[in-house]
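Let me begin by presenting the structure, written as structure tokens, before commenting on it.
Bear in mind that the values in this text are calculations on the coordinates, not laboratory data. All values reported here derive from a predicted model rather than from experimental measurement.
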Amino acid sequence: MTVTVYIDGLSQPRNPGIGTYGFVIYEGTRRLAEGEGLAGLDVTSNYAEYAALAEALKKLKQLGIEGDVLVKSDSKLLVGQMSQGWEVKGGAYIQKLKEARDLTREFGSISFEWIPREMNGEADLLTRTAYLKYGR
């Protein structure tokens, strides 16, 4: 069965700013795990999105999941770049992108799907909860 991961990252109160992330992991309709945290200080929202992906992939490994994984994100940049369709020109998030790509190699099959922000409510809420913790 495919494991579905919803990820999100943000940078507040401006971009770059305080970066936070959130993720939720499902197997079918069963919620396996969630996570949220600080991506960094003075980081971009793109960096926070890739931090969310990296942390979610680490959690999958902790859970012993190595099979089919579908990552859903409202970041067109992340989905485009991780699907190998979009060029990576540079930016402050490159370090996290490389970390995420390295982690994806540990899974049998991993795919990425863009979803509208409205369909990413749980991960979005976790990023905002993390910001309330770390943004003060």
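Please list, or write none, the lysines whose alpha carbon is within less than 25 Å of the alpha carbon of Lys98, excluding same-chain residues fewer than 8 places away. Within the straight-line cut-off, Lys98 pairs with Lys58, Lys59, Lys61, Lys72, Lys76, Lys89. Computed over the chain, relative contact order equals 33 percent, with contacts defined as Cα pairs under 8 Å that lie 6+ residues apart. Cα gyration tensor of region 36-123, axes a ≥ b ≥ c as square roots of the eigenvalues: rounded (a/c below 1.5), prolate (a/b > b/c) or oblate? Because its axes are fairly even, with a/c under 1.5, region 36-123 counts as rounded.
Taking every DSSP bridge with both residues inside region 3-134, close to 65 percent are antiparallel. Amide H contacts for Leu70 (H built 1.01 Å from N in the peptide plane; partners 5 or more residues away or on another chain; cut-off under 5 Å): Val3, Thr4, Val5, Ser111.
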